[in-house]
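Structure first, then comments.
The values are calculated or read from the model by the stated rules, or taken from the named source; none is laboratory data. Keep in mind it's a predicted model, so treat the numbers as computed, not measured. For neighbour counting, all protein chains shown are included, and Cβ atoms are generated from backbone atoms with ideal geometry for every residue, glycine included. Protein only, heavy atoms only, side chains kept; ligands, DNA and RNA dropped before computing areas. Shrake-Rupley method; radii C 1.70, N 1.55, O 1.52, S 1.80 Å.
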Amino acid sequence: MPEASRTAVLVCQGRAVAHGRIAPGRFADPVAMSLLRGGERDAVEVARAGTPPQGVSARIGYESLTAVARTMVPRTVAVDDAVRERPGPQLVILGAGLDGRAFRMAELSDVDVYEVDHPASQADKRERAAGLRPVAGSLRWVPVDLARDALGPALAAAGHDGTLATTWVWEGVVPYLRRAEVAATVRAVAGRSAPGSRLVVNYQSPSLKATLGLGVARAMARLSRRPDPTAREPRRSAWTPERFRALLAAGGWRVATDDDLLALATRLPSPTRHPSGMRTGRVAVADLA
Ligand SMILES: C[S@@+](CC[C@H](N)C(=O)[O-])C[C@H]1O[C@@H](n2cnc3c(N)ncnc32)[C@H](O)[C@@H]1O
């Protein structure tokens, strides 16, 4: 991935669209808009207006951002709840992208936060976040390519303490890694997790329908001459819940909950139409056995 992640921008836009509009009181991301640039914000404003615009290209952009917003709400709420329940004393966000937690979660005021991301994505995030003040106890940047670099030594060099409990957030990243890279990351995470640690991970389960849907979305983006944020970030792995549970168990993790996004969404107070792909996205919360 030679350039900063575009899917990180897309999901941040989704959270900015949803903020204050979907499940208010349960979902909030007041920081998302501040992490976006001019044209990215304009697209968010169009989707927030809630009126489908004229023209095929504009309409495709509106519909896809609206669907991303609906998908981001249950995912974000599930991760936030799991972090609030066990926030630290250290929080490592793997593949952080434009994650705003270090800037928006008051519960992290005593927590040392480490944002790990691909170097190109992290450099972009640091530029975007330059005017923002973290609310976390501390925020350290750890550039790591999870497909090439050793995660453990990079975290140790950044000051992460392997003898203290860590909560790990790994959201929206597993699909972009190959199976062996996912397994290596689970091993590295286990190697730096003291008793009391928690792993909160979002992954995709295999789905022919979702794969076809992604293909259709790409074709529509091409036809409408819109940039396709997923073009340079191919999906590389999907996991059945059973297989993912076994992978985590091998690292010493006991899965406490593992829900699909549709199930999580139905527990939220805001009835919205649910995009069909929501059934394949999952959030698992696992604690050290
Ligand atoms: C869809 S974004 C999710 C960002 C963020 N976690 C969120 O949920 O908003 C995918 C993220 O995975 C990161 N990523 C993909 N491949 C990676 C790799 N090999 N090493 C490190 N990060 C990677 C990207 O840089 C990007 O930040």
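If you go through the range 12-19 one residue at a time, do you hit one that is at pLDDT 95 or above and outside any helix (DSSP H, G or I)? Steps first, answer last, please.
Pass one, the range 12-19, residues at pLDDT 95 or above: 12-19.
From what is left, the residues that are outside any helix (DSSP H, G or I) are 19.
Taking every residue of the range 12-19 in turn, at least one turns out to be at pLDDT 95 or above and outside any helix (DSSP H, G or I).
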Matching residues in the range 1-51 - criterion: being free of Cβ contacts under 8 Å to residues at least 24 places away in the same chain and of a type in the set (A, V, I, L, M): M33, V46, A49
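For the range 83-99: of the residues being in contact with a strand residue (DSSP E or B) (Cβ under 7 Å, 6 or more places away or on another chain) and in a loop (DSSP other than H, G, I, E, B), which is most open to solvent (accessible area, probe 1.4 Å)? Lay out the reasoning, then the answer.
At the first step, the residues of the range 83-99 found to be in contact with a strand residue (DSSP E or B) (Cβ under 7 Å, 6 or more places away or on another chain) are 83, 86-97, 99.
Retained after the next criterion (residues that are in a loop (DSSP other than H, G, I, E, B)): 86-89, 95-97, 99.
Working: R86: 75, P87: 38, G88: 21, P89: 58, G95: 18, A96: 10, G97: 10, D99: 8 Å².
It comes out as R86.
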Hits in the range 100-126 - residues which are out of contact with any Pro (no Cβ under 8 Å at 6 or more places or on another chain) and open to solvent by 20 Å² or more (accessible area, probe 1.4 Å): A106, S109, D124, R126
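Just to be sure before I move on: is A129 open to solvent by less than 30 Å² (accessible area, probe 1.4 Å), within 17 Å of A165 (Cα to Cα) and small (G, A, S) in the structure I sent? Spell out the reasoning first.
On the way: open to solvent by less than 30 Å² (accessible area, probe 1.4 Å): yes; within 17 Å of A165 (Cα to Cα): no; small (G, A, S): yes.
It is false that A129 is open to solvent by less than 30 Å² (accessible area, probe 1.4 Å), within 17 Å of A165 (Cα to Cα) and small (G, A, S).
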From the options G152, G162, residue that is open to solvent by less than 50 Å² (accessible area, probe 1.4 Å) and away from the ligand (no atom under 16 Å from the Cβ): G162
The range 203-214 residues that are open to solvent by 50 Å² or more (accessible area, probe 1.4 Å), paired with ones that are of a type outside the set (F, W, Y) and not in a helix (DSSP H, G or I) (beta carbon under 6 Å, 6 or more apart): P206/A238
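Filter the range 119-136 for residues that are in contact (Cβ under 8 Å) with a residue 40 or more places away in the chain and outside any helix (DSSP H, G or I); which is nearest to the ligand (Cβ to nearest atom)?
Initial filter on the range 119-136 (in contact (Cβ under 8 Å) with a residue 40 or more places away in the chain): 120-121, 123-125, 128-129, 131-132, 136.
Next cut, outside any helix (DSSP H, G or I) only: 129, 131-132, 136.
Details: A129: 13, G131: 19, L132: 15, A136: 16 Å.
Checked the range 119-136; the qualifying residue nearest to the ligand (Cβ to nearest atom) is A129.
Every residue, every condition in (1) among the polar types (S, T, N, Q); (2) within 14 Å of the ligand (Cβ to nearest atom), yes or no:
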site: H19; (1), (2): no, yes
site: R37; (1), (2): no, no
site: E45; (1), (2): no, no
site: P53; (1), (2): no, no
site: Q90; (1), (2): yes, no
site: D117; (1), (2): no, yes
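Rundown of residues vs (1) within 8 Å of the ligand (Cβ to nearest atom); (2) over 17 Å from R101 (Cβ atoms); (3) in contact with a helix residue (DSSP H, G or I) (Cβ under 6 Å, 6 or more places away or on another chain); (4) modelled with pLDDT under 95, yes/no style:
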| site | (1), (2), (3), (4) |
| --- | --- |
| P143 | no, yes, yes, no |
| W168 | no, no, yes, no |
| V173 | yes, no, no, no |
| R179 | no, yes, no, no |
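Within the range 106-115, can you find the residues that are touching a strand residue (DSSP E or B) at 6+ places or on another chain (Cβ under 9 Å) and either within 10 Å of the ligand (Cβ to nearest atom) or not in a strand (DSSP E or B) (or both)? It would help to see each step written out before you state the result.
As a first pass, look at the range 106-115 and keep what is touching a strand residue (DSSP E or B) at 6+ places or on another chain (Cβ under 9 Å): 108, 111-115.
Across the range 106-115, the qualifying residues are L108, V111, E115.
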Which listed residue is among the hydrophobic types (A, V, I, L, M, F, W, C) and touching a Ser or Thr at 6+ places or on another chain (Cβ under 6 Å), from A58, A47, A32, A16: A47
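From V79, V68, grab the single residue that is outside any loop (DSSP other than H, G, I, E, B), free of Cβ contacts under 8 Å to residues at least 60 places away in the same chain and crowded, with 20+ Cβ neighbours inside 10 Å. Let's see the steps before the verdict.
On the way: V79 fails: free of Cβ contacts under 8 Å to residues at least 60 places away in the same chain.
None of the others qualify; the one that does is V68.
Check whether at least one residue in the range 170-183 is open to solvent by 40 Å² or more (accessible area, probe 1.4 Å), closer than 24 Å to G281 by Cβ and of a type in the set (A, V, I, L, M, F, W, C), and report yes or no.
yes
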Tabulated pairs, the range 159-181, first of a type in the set (V, I, T), second open to solvent by 50 Å² or more (accessible area, probe 1.4 Å) and more than 14 Å from the ligand (Cβ to nearest atom), C-beta under 6 angstrom, 6+ apart or interchain: T167/R86
Tally of residues being in contact (Cβ under 8 Å) with a residue 40 or more places away in the chain and surrounded by 14 or more Cβ atoms within 10 Å (Cβ to Cβ) across the range 229-248: 12
Residue check, A188 touching a Phe, Trp or Tyr at 6+ places or on another chain (Cβ under 6 Å), within 30 Å of T163 (Cβ to Cβ) and surrounded by 17 or more Cβ atoms within 10 Å (Cβ to Cβ): no
